[in-house]
Amino acid sequence: MATTLYRIGRLAFRRRRLVGGLWLTAVVLAALAAAMAPSAQEEDLSMPGTESQQAFDLLDERFPEADARGAEARLVFQAPPGQRVTADGSRAAVAEALAAVQAGGQVASVSEPYADGAVSADGTIAYATVTYTTGVLDLSPTTKQALEDAASEARDTGLAVEIGGSALDSEVSPGGTTELVGVAVAAVVLVLTLGSLAAAGLSLLTAFSGVAIAFGVVAALAEALGLTSTVAILALMLGLAVGIDYALFITSRYRDERAEGHDAEEAAGRAVGTAGSAVVFAGATVMIALAGLAVVGIPELTKMGLGGAGAVALAVLVALTLVPALLGAFGRRVLSRTARKAERRGGCDTAGRPTLGVRWARLVLRRPAAVLLVAGLGVGAVAAPALSLELGLPGEESMPEETTQRRAYDLLSTGFGPGFNGPLTVVVDAAASADGRAAAGRVAETLRALDGVASVGEPVLDQAGGTAVLTAIPTTSPTSVETKELVQEIRGVVPDVEAETGAEVFVTGTTALNIDISRAMTEALVPYLTVVIGLAVLLLTVVFRSLLVPLKAALGFLLSVGAAFGVLVAVFQWGWGADLLGIEQTGPVMSLMPILIIGIVFGLAMDYEVFLFTRVREAYVHGATPEEAMVAGFRHSARVVAAAAVIMVSVFAGFVGVHSPTIQTMGLGLASAVAFDAFVVRMAIAPAVLALLGHRAWWLPRILQRVLPNVDIEGQALSRHVRVPSTEAPVRASVG
């Protein structure tokens with residue numbers, strides 16, 4: 001592989017105009033495709049095979065007139081202090097507001113709060129439900145404006161009016177201030193690390209090129225494949241992070257090769273053949289882990305995984321081709337100012353000067369047991385809250401308090417109880433029963449007898465009379481443990497009702513579906529983690545030709561993931577530092593996040609393991625002692641790996657400011673995991689373990705030595721491609 005990539009790097013360097021032109025064309029075509037593509041409908045989460053999803057499918061079949069994709073709004077009215085919404089003046093204001101909404105167009109129906117009993121017991125709060133004929137993204141600006149104008153006019157009469165539901169939902173768009181801050185931090189780190197504006201600009205330019213193509217492709221295929229805005233943001237997040245890092249690794253290795261006396265073209269080939277091999281391996285691990293999310297069985301999670309994998313694949317291709325092309329285009333400007341001065345002076349060897357990485361490696365070698373103990377206990381303490389991890393899906397309760405959706409949610413909870421915002425839908429399939437209405441009545445009677453049920457609505461039957469729908473309002477909030485237990489209790493009494501009535505009974509609704517998805521995620525977590533760990537050990541055994549090094553890497557990965565989960569629990573469940581991060585409401589951690597973070601962090605952790613310790617192994621196989629090999633590896637790679645980690649943390653942390661619980665959780669979880677993995681696990685725990693193991697760390701049984709392929713990730717095969725050194729003076733300034 002190293003030899004093939006070496007040839008690719010040299011070819012891209014020589015044909016830099018052609019390579020650059022092809023990538024520029026790809027960026028333009030992707031942008032045009034995205035601009036011309038229609039907007040996609042944001043889809044709700046689904047979980048094929050669960051009881052709640054089966055009930056949804058049954059409702060679509062038996063109640064075809066009900067459009068599940070249609071947008072919905074709830075106008076919530078609150079009377080002024082000391083008054084009631086049942087007063088004549090309030091009734092008139094509500095009637096005028098609902099008439100104005102009806103006139104806005106695209107309205108299927110508007111409920112009447114006073115006739116439908118949608119008034120709180122104390123008479124201070126009422127609500128009306130507005131259903132639309134189209135989905136959220138197809139609502140016209142006129143329709144939305146009519147809804148907001150109606151609320152505004154009602155407010156002028158003294159009523160407090162808020163709007164809940166999906167009608168005002170908007171697609172989460174990337175490109176906010178916090179993301180730009182993350183990119184700005186990455187740019188500063190690149191300049192400080194590389195000592196060259198051109199080299200920093202090269203890394204950013206190549207990363208943006210890959211991200212632009214990935215984002216354009218996702219936007220162009222969004223409607224055809226049902227890709228949501230979360231898929232696009234994940235592609236942007238991963239594409240930026242790995243794109244910058246991969247370009248940084250190859251550029252840094254290119255500067256090392258120049259310092260060894262190779263001319264520019266040869267250095268580019270060798271950089272792609274060595275660091276590029278690690279990029280291919282690291283990118284492949286990320287893609288495999290992300291694509292493996294498909295086994296969980298949630299379509300949205302599968303799309304997120306495949307979208308992220310596609311963005312990483314583009315980042316790898318850009319790094320292997322566009323980076324060497326731009327190295328040729330930028331010439332000596334990608335070298336640091338110190339290196340350029342040394343070149344003009346005829347060479348100045350400063351490579352032996354101890355760097356911070358060298359000093360840190362020597363410190364770990366002197367006190368490996370102490371470093372291991374302190375770092376291990378520290379990460380363990382951070383990971384401890386993960387034992388209290390609770391999974392769920394956020395709703396309007398997690399929105400910022402200044403939004404009208406959140407205020408509507410709070411008003412409904414105040415007026416009708418905390419469970420009103422999370423009703424349970426009970427579907428009675430009595431097609432085989434003699435009397436569908438009687439069966440539905442028996443189910444309603446059973447539900448009313450349960451302690452956690454506040455109220456049960458009257459059954460609604462389909463035209464054939466064989467299917468009934470009941471709405472049960474819990475006494476507790478949608479994300480509470482009590483509501484989860486209620487759903488389990490209802491499903492526990494269902495078999496007796498089914499045996500008595502001959503009907504099939506299903507519990508569904510958004511709340512029940514969220515509970516089912518969270519349970520499925522919890523059950524899938526350990527098997528998926530087992531597969532990922534097994535894959536890590538297998539791949540790293542091939543790369544390092546060792547058993548203990550991969551085992552150490554896998555255990556370190558578990559520590560990183562545990563620490564990230566601990567941070568998520570502390571912030572999102574317990575509320576520690578939530579105000580500082582702009583998180584308005586605490587509650588269960590987004591149920592998709594643990595598996596998604598495991599898949600992404602697995603690949604990123606292997607990035608740092610490969611880039612740091614292949615240099616250690618390279619020195620060891622060339623005759624260095626374990627201690628000397630550790631110092632040599634950290635001399636060449638520690639600074640670059642640390643810079644790459646800071647960049648990745650900055651990019652991920654920039655997404656914490658997006659007002660979306662999904663993106664906030666993803667950003668904080670990934671930023672935490674990368675920080676712990678790079679700076680604690682790879683920089684402290686891993687070298688301490690290797691120092692304690694000594695020569696035993698690189699042991700491999702003879703049978704595995706014969707069976708395992710030699711991927712040559714260190715590029716030893718490139719020794720056959722040594723060219724005559726350039727007539728230019730070698731650049732000997734240190735780059736690490």
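The values are calculated or read from the model by the stated rules, or taken from the named source; none is laboratory data. Only a predicted model underlies this, so the values are computations on that prediction, with no experimental measurement involved. Please note: Cβ atoms are built from the backbone with ideal geometry, for glycine as well, and neighbour counts cover all protein chains shown.
Restricting to the stretch 490-515, give me the number of residues that are buried (at least 17 other Cβ atoms within 10 Å of the Cβ) and either in contact with an Asp or Glu (Cβ under 7 Å, 6 or more places away or on another chain) or of a type outside the set (G, A, S) (or both). Break it down into steps so the answer makes sense when it comes.
Going residue by residue through the stretch 490-515, those that are buried (at least 17 other Cβ atoms within 10 Å of the Cβ) are 490, 494, 497-498, 501, 503-515.
Now narrow it down to the ones that are either in contact with an Asp or Glu (Cβ under 7 Å, 6 or more places away or on another chain) or of a type outside the set (G, A, S) (or both): 490, 494, 497-498, 501, 503-508, 510-511, 513-515.
So the answer is 16.
Being over 18 Å from D149 (Cα atoms) and crowded, with 17+ Cβ neighbours inside 10 Å is the filter here; which residues of the stretch 94-128 pass it?
P113, A118, V119, S120, T124, I125, A126 - these are the residues of the stretch 94-128 that are over 18 Å from D149 (Cα atoms) and crowded, with 17+ Cβ neighbours inside 10 Å.
Would you confirm, using the coordinates I've provided, whether V364 is among the hydrophobic types (A, V, I, L, M, F, W, C) and farther than 30 Å from Q664 by Cα? Break it down into steps so the answer makes sense when it comes.
Working: among the hydrophobic types (A, V, I, L, M, F, W, C): yes; farther than 30 Å from Q664 by Cα: yes.
The answer is yes for V364.
Would you call T131 surrounded by fewer than 19 Cβ atoms within 10 Å (Cβ to Cβ), closer than 18 Å to Y409 by Cα and either touching a helix residue (DSSP H, G or I) at 6+ places or on another chain (Cβ under 8 Å) or touching a residue at least 24 places away in the same chain (Cβ under 8 Å) (or both)?
yes
Looking at V526, V487, V542, V567 in this structure, which one is assigned by TED's automatic domain parsing to the domain that holds T662 and either among the small types (G, A, S) or surrounded by 20 or more Cβ atoms within 10 Å (Cβ to Cβ) (or both)?
Values: V526 fails: either among the small types (G, A, S) or surrounded by 20 or more Cβ atoms within 10 Å (Cβ to Cβ) (or both); V487 fails: assigned by TED's automatic domain parsing to the domain that holds T662; V542 fails: either among the small types (G, A, S) or surrounded by 20 or more Cβ atoms within 10 Å (Cβ to Cβ) (or both).
V567 is the lone residue from the list that is assigned by TED's automatic domain parsing to the domain that holds T662 and either among the small types (G, A, S) or surrounded by 20 or more Cβ atoms within 10 Å (Cβ to Cβ) (or both).
Give me a count of the residues in the stretch 52-84 that are in contact with a helix residue (DSSP H, G or I) (Cβ under 8 Å, 6 or more places away or on another chain), part of a loop (DSSP other than H, G, I, E, B) and at pLDDT below 90.
Going through the stretch 52-84 one residue at a time, the tally reaches 3.
Tell me yes or no: at least one residue of the stretch 542-555 is part of a helix (DSSP H, G or I), of a type in the set (S, T, Y) and modelled with pLDDT of 80 or more. Reasoning before the result, please.
So the first thing to find is which residues in the stretch 542-555 are part of a helix (DSSP H, G or I), and the list is 542-544, 548-555.
Restricting the remaining residues to those that are of a type in the set (S, T, Y) gives none.
For the stretch 542-555, residues part of a helix (DSSP H, G or I), of a type in the set (S, T, Y) and modelled with pLDDT of 80 or more: absent.
Pick from I583, I533, I600, I595: which is among the hydrophobic types (A, V, I, L, M, F, W, C) and assigned to a loop (DSSP other than H, G, I, E, B)? Don't jump to the end; show me each part of the working.
Details: I533 fails: assigned to a loop (DSSP other than H, G, I, E, B); I600 fails: assigned to a loop (DSSP other than H, G, I, E, B); I595 fails: assigned to a loop (DSSP other than H, G, I, E, B).
Going through I583, I533, I600, I595 in turn, the sole match is I583.
Does the stretch 530-541 include one or more residues that are at pLDDT below 85 and farther than 30 Å from L693 by Cα?
There is no residue in the stretch 530-541 that is at pLDDT below 85 and farther than 30 Å from L693 by Cα.
For the stretch 375-419, which residues satisfy the criterion of being free of Cβ contacts under 8 Å to residues at least 60 places away in the same chain, assigned by TED's automatic domain parsing to the domain that holds P687 and more than 25 Å from the chain's Cα centre (by Cα)?
Answer for the stretch 375-419, where residues must be free of Cβ contacts under 8 Å to residues at least 60 places away in the same chain, assigned by TED's automatic domain parsing to the domain that holds P687 and more than 25 Å from the chain's Cα centre (by Cα): just L377.
Test V689 against the criterion of being surrounded by fewer than 24 Cβ atoms within 10 Å (Cβ to Cβ), modelled with pLDDT of 90 or more and more than 19 Å from V185 (Cβ to Cβ), and give yes or no.
On the way: surrounded by fewer than 24 Cβ atoms within 10 Å (Cβ to Cβ): yes; modelled with pLDDT of 90 or more: yes; more than 19 Å from V185 (Cβ to Cβ): yes.
Yes: the conditions hold for V689.
Are any residues in the stretch 261-289 under 19 Å from A12 (Cβ atoms) and outside any helix (DSSP H, G or I), and if so, which ones?
Applying the first criterion (under 19 Å from A12 (Cβ atoms)) to the stretch 261-289 yields 262-280, 283.
Scanning the stretch 261-289 gives H262, D263.
Considering the stretch 85-128 alone, what residues qualify as being part of a strand (DSSP E or B), within 19 Å of L411 (Cα to Cα) and among the hydrophobic types (A, V, I, L, M, F, W, C)?
Of the stretch 85-128, the ones part of a strand (DSSP E or B) are 107-110, 119, 125-128.
After this cut, where a residue has to be within 19 Å of L411 (Cα to Cα) as well, the list is 119, 125-128.
Within the stretch 85-128, V119, I125, A126, A128 meet the criteria.
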